[in-house]
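The values are calculated or read from the model by the stated rules, or taken from the named source; none is laboratory data. None of these values were measured; they are calculated from a predicted model. All Cβ positions, even for glycine, are placed from backbone atoms using ideal geometry, and neighbour counts span all protein chains on display. Quick note on the areas: whole protein, heavy atoms, side chains included, nothing else; ligands and nucleic acids left out. Shrake-Rupley method; radii C 1.70, N 1.55, O 1.52, S 1.80 Å.
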Amino acid sequence: MKKHIVVIGIVLGCFIPELLASAPVEDWKAQWISSVECKNIANTWLAYRKDIDLAASPQKEVIARIAVDSKYWLWINGEMVVFEGALKRGPNPSDTYYDEVNLRPYLKKGKNSIAVLVWYFGKEGFSHKNSGKAGLIFDCQSPEVQILSDRSWQCAVLKAFQTAGEPFPNYRLPESSILFDARLYPEGWKVQDSGFPGAEPLGKEGDQPWNRLVKRPIPLFKDFGLKSYIKQITIPGTTADTIVCTLPYNAQVTPFLKVDALEGVRIKMMTDNYLYFNGGDGGIRAEYITKKGVQEYESLGWVNGHNMYYVVPKNVKVLELKYRESGYNAEQAGHFSCSDPFFNRLWEKSYRTLYVTMRDNYMDCPERERAQWTGDAVNEAGESFYAQSLASHSLVRKWLYELIGWQLPDGVIYAPVPSGNWDKELPGQSLASIGYYGLWTYYEYTGDKQILKDLYDGVCKYMNRYEKETGGIIKMPKPAKGWLWGDWGDNRDLLMIYNLWYYMAVKGANLMAVELDKTEDAARYEAYMNAFRKSFNDRFWTGSAYRDPEYKGETDDRVQALAVVSGVASPDKYPALLEVFKQEKHSSPYMEKYVFEAMMQMGYAEEALLRHKQRFEKMVDDSRFTTLFEGWGIGTEGFGGGTVNHAWSGGGLTVLSRYLCGVYPLAPGFTRFAVLPLPGTIRKAEIDVPAVVGSIHSDFQSSDSRFVLNVTVPKNTKSVIGVPGKDVKTVRLNGKIVWTGGQFTDQPNCKPCKEYHPAHIAFEVGAGKYQLTAEK
């Protein structure tokens, strides 16, 4: 594949109307255009084309701004420039995203043909707001080239693209299953005049139904190119053979075929996730009707799974079967390994699950919904910070801006968004997103202060909706269109779950207020938090666990975990809480991340690792799948239908990185960070963290007689590095004694640091490479 050059810079605050002062240098001059015959029905495909003549090849960037509802593919002179452009609508309920693409590498002196294939979903979904009208706007203004969509373009509905019959995809998906009839396809239209009629102008930028155009805040998708399957197995049938093609892992793919056939023969394509592991509801498949002779076809609606199935009638000769993987344009820049193979598999499966649930937005699952459930996104964002290149930060940012961009006038924050057919609030997920683990964590890991400035008021508006009793305990939420979910599974002590998420939302708002110099707000939040902690402990602590007196179920492990990670539970309660975590196991894989984190925070690393292994062992060791499940099993053994690729289950990746290896920011953007490992039973581990300040490397080796920690601290940063202090006699830093006999020694290149985890002997150091050796 040729690399396309794309302008993808983030426009700060571009999601908030009043912050759009940084508008494009050039006003839009192009028009929205469509086909005269377009009836705006679901699953409409339109071909747009334009020929231009250039006196010379352009010498500077030629930036085209392109927007459609819903997706497009772009060719210049028959060469692919963009594979699946545009984002599902939208930044808010009204507006539409646009792409910026540099055309210069593809334009030449003389005649140039521009071809755009547009897929209009024409349906609402849990990840898309339908505008109600198919259209394209193409605006290219440069000193050397001007290309503007108007009535001089040609446009036609491509009747070869049709909708496959029942079973249809479930109502959550705006995409349709594509049936392509090759007999009706106008070959060569991308490079030559095919007699299409002139386009119909529909309006200018800003007009309804697409409204204001907002620059795409994430990169164009990555196209991995056509590749051969790992293996193919043919299962003979009476009238058709089924060819099962193995993919290297669970991936977002478009299937390709090359066959020799008579005309009118139907070939079906679907994945194992469509057939067997669809999460309890119908997904997307593809069908192809042949023309006569040798032919090639790639179905452009992506699907996912571990295996692709081609159902091929007996009278068709298969010449070649391939697939194209595509996905979010970020690399796996983080790496983890340790002495326990189980946790290596957990980390890698977590990453693979994360990547297959990223595209236009974070998703819960890629086959049943493709929806940005905001509680899922909290866990996914945390994983991205440790596992992926910095390009992933843009998707985290997009999620948070959309969350507030879709906020209702009365302050309600609901999810998933974008969405055309869902507007219900999940209070716990919304509170998690705006608070400590959502918006604040994004700031912690990136240092992007603009987002706090832009979204702080929306955060406060949402928190003000909650009713409180004396002492700050919130009443059970009563959302107008809500879902008091809390988590999958039984024994949910809901009042406490919501109270602790609310407390962490206040904690996040307090930290934001301090950063934004809102001293009155910060003082008010601090006073509230102090009162809340006392009220919560007085009312709900029984002496052995947290329980609502009105709750009759078994003690909820989720609640105990949230009490710890929020800071509401004081250290004197940790021994009792440890016993709860040993006995009570009710949380879903989504909430188990917080149990794992709580146990690590309390200092019980051995017990934490043991519990996480016991809970995840079945799915991690299942050799059929490279991804993690929605529930503890699949199908009827799972929750919510039980998909086999739910990134909310990958929270262990974050905990292993942040606590086992001990790498986390102490100042926004990692300008100061910790490396304070909690090894537990792990004898050795290493990690590379793709921080905004540069890659952070750390590794440790632990034995009965010594603990050795190696750390690379990037330029212009500081780090607090430390070794577990139990039974330590002497600590050396790069060979020099810095701690012995229970005392720090005076050294010029480091200073003692006692403000963090009490289990560590820690030092603050500047940029460089360090080895800490603890002799026992």
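Over the alpha-carbon set of the range 291-369, work out the extent along each principal axis and list the three values in angstrom, largest first.
Computed over the Cα atoms, the extents are 56, 29, 23 Å.
Mind listing the long-range amide H neighbours of residue 738? Cut-off is under 5 Å, sequence gap 5 or more, other chains count too, H placed in the peptide plane at 1.01 Å from N.
Those lying under 5 Å, H to H, from residue 738 are 731, 732, 733.
At q = 0.17 Å⁻¹, what base-10 log of I(q)/I(0) does the Debye formula yield for the range 571-626 when every alpha carbon is treated as an equal point scatterer in vacuo?
Debye curve over Cα of the range 571-626, log10 I(q)/I(0) at q = 0.17 Å⁻¹: -0.55.
Cα-based Rg of the range 56-214 per 2.2 N^0.38 Å, rounded to two decimals?
Output field value: 1.09.
Which of the listed residues, 657, 245, 303, is farthest toward the dipole's positive end in the chain, when Lys, Arg count +1 and Asp, Glu count -1 at the beta-carbon?
245
Could you state how much accessible area residue 187 has, in square angstrom rounded to the nearest 10, with a 1.4 Å probe and all protein chains kept in place?
110
Can you give the direction-averaged projected area of the convex hull of the alpha-carbon atoms in the range 595-637, in nm²?
With the hull built on Cα positions only, its mean projection is 3.4 nm².
Taking only the C-alpha atoms, wrap a convex hull around the range 143-274 and report its volume per residue in Å³ as a whole number.
Roughly 233 Å³ of hull volume per residue.
Out of the total accessible area of the chain (probe 1.4 Å, heavy atoms of protein only), what percent is carbon and sulfur?
On the way: 13970 of 28320 Å².
Carbon and sulfur together cover 49 percent of it.
Based on the alpha-carbon gyration tensor of the range 620-689, what equivalent-ellipsoid semi-axes (square roots of 5 times the eigenvalues) come out, in whole Å, largest first? Display every interim value, and only then the final one.
Numbers: eigenvalues 193, 45, 17 Å².
The answer is 31, 15, 9 Å, longest axis first.
Heavy atoms only, probe 1.4 angstrom, no DNA, RNA or ligands counted: give me 114, 41 ranked by accessible area, highest first.
Working: 114 0, 41 105 Å².
Output order, biggest surface exposure first: 41, 114.
For the chain, just list the percent of Cα-Cα distances falling in each 20 Å bin from zero outward, please.
Bins of 20 Å from zero give 16, 46, 30, 8, 0 percent of pairs.
How large is log10 of I(q)/I(0) for the range 394-454 at q = 0.17, 0.19, 0.21, 0.30 Å⁻¹ when the intensity is taken from the Debye formula with one equal scatterer per alpha-carbon?
Scattering profile of the range 394-454, log10 relative to I(0): -0.56, -0.69, -0.83, -1.39.
Calculate the dipole size of the range 388-537 relative to its Cα centre from +1 charges on Lys and Arg beta carbons and -1 charges on Asp and Glu beta carbons; express the result in debye to the nearest 20.
180
Under the Karplus relation 6.51 cos²θ - 1.76 cosθ + 1.60, θ = phi - 60°, what is the ordered set of whole-Hz ³J(HN,Hα) values for the range 318-327, x standing for Gly and Pro?
Here the 3J(HN,Hα) series is 7, 9, 6, 10, 9, 9, 10, 7, 9, x Hz.
Magnitude of the Cβ-charge dipole of the range 213-269, K/R +1 and D/E -1, about the Cα centre, nearest 20 debye?
In total the dipole reaches around 380 debye.
Step through the residues of the range 290-305 one at a time and calculate ³J(HN,Hα) from phi using the Karplus curve (6.51 cos²θ - 1.76 cosθ + 1.60, θ = phi - 60°), rounding each to whole Hz and writing x for Gly and Pro.
6, 9, 7, x, 7, 8, 10, 7, 10, 7, 7, x, 5, 10, 8, x
If you count only protein heavy atoms with a 1.4 Å probe, what accessible area per residue comes out for the chain, rounded to a whole Å²?
I get 36 Å² per residue for the chain.
Apply the Karplus parameterisation 6.51 cos²θ - 1.76 cosθ + 1.60, with θ equal to phi minus 60°, to every residue of the range 367-378 and state each ³J(HN,Hα) to the nearest whole Hz, in sequence, with x for glycine and proline.
So the J values, rounded to whole Hz, are 10, 7, 9, 6, 9, 8, 4, 6, x, 4, 4, 4.
What shape does the range 462-532 take by its C-alpha gyration tensor, where a ≥ b ≥ c are the square roots of the eigenvalues and a/c under 1.5 counts as rounded, a/b above b/c as prolate, and the rest as oblate?
Values: a/c = 2.16, a/b = 2.03, b/c = 1.06.
Taking the square roots of the gyration eigenvalues as a ≥ b ≥ c, the range 462-532 is prolate.
Restricting to DSSP loop positions (anything but H, G, I, E, B) with no more than 11 other Cβ atoms inside 10 Å of their own Cβ, which chymotrypsin sites (Phe, Trp or Tyr not before Pro) remain in the range 485-530?
Working: sites: 485, 488, 498, 501, 502, 503, 525, 528; in loops: 485, 488.
When the chymotrypsin sites (Phe, Trp or Tyr not before Pro) of the range 485-530 are filtered for loop state and at most 11 Cβ neighbours within 10 Å, nothing remains.
Amide H to amide H, which residues 5 or more places from residue 158 or on other chains are under 5 Å from it, using H placed in the peptide plane?
When sequence neighbours closer than 5 places are left aside, the close amide H contacts are 45, 46, 47.
How fast does the range 380-496 diffuse by Stokes-Einstein, in µm²/s, taking the Kirkwood radius from C-alpha pairs at 10 °C and 1.306 mPa s?
The estimated diffusion coefficient comes to 103 µm²/s.
What pairs from 215/322; 39/292; 222/258; 449/751; 468/726; 159/322 go past 32 Å between their alpha carbons?
Long pairs (Cα-Cα over 32 Å): 215/322; 468/726.
Mean shadow of the range 319-450, computed from the convex hull of its alpha carbons, in nm²?
Working: hull surface 44.3 nm².
If you wrap the Cα atoms of the range 319-450 in a convex hull and average its projections, you get 11.1 nm².
Magnitude of the Cβ-charge dipole of the range 629-776, K/R +1 and D/E -1, about the Cα centre, nearest 20 debye?
It comes to approximately 600 debye.
Select from the range 250-331 those trypsin sites (Lys or Arg not before Pro) which occupy a DSSP coil region and have at most 12 other Cβ atoms within 10 Å, ordered by residue number. Before the final figure, lay out each step's value.
Working: sites: 258, 266, 268, 285, 291, 292, 314, 317, 322, 324; in loops: 285, 291, 292, 314.
The qualifying sites are 314.
Let me check the size of the range 14-149 from its C-alpha atoms; what are the radius of gyration and Dmax in Å?
15.5, 47
Looking only at the range 248-265, which residues have a backbone nitrogen under 15 Å from a spot 7 Å from the Cα of residue 187 in the C-beta direction?
Only 258-264 pass the distance filter.
How compact is the range 648-732 by the rule of thumb for globular proteins, expressed as Cα Rg over 2.2 N^0.38 Å? Please list the in-between numbers first.
Details: Rg = 13.1 Å, N = 85, 2.2 N^0.38 = 11.9 Å.
Compactness ratio reported: 1.10.
Could you tell me which chymotrypsin sites (Phe, Trp or Tyr not before Pro) in the range 224-284 are loop residues by DSSP with no more than 14 other beta carbons within 10 angstrom of their beta carbon?
276
For residue 69, list long-range residues whose amide hydrogen, built 1.01 Å from N in the peptide plane, is under 5 Å from its own amide hydrogen.
Sorted by chain and number, the residues that satisfy this are 135.
Let me know the volume per residue of the alpha-carbon convex hull for the range 524-659, in Å³. Walk me through the intermediate numbers first.
On the way: hull volume 18.2 nm³, N = 136.
Output value, Cα hull per residue: 134 Å³.
Enter the per residue convex hull volume of the range 199-351, computed from alpha-carbon coordinates, in Å³ rounded to the nearest integer.
Roughly 197 Å³ of hull volume per residue.
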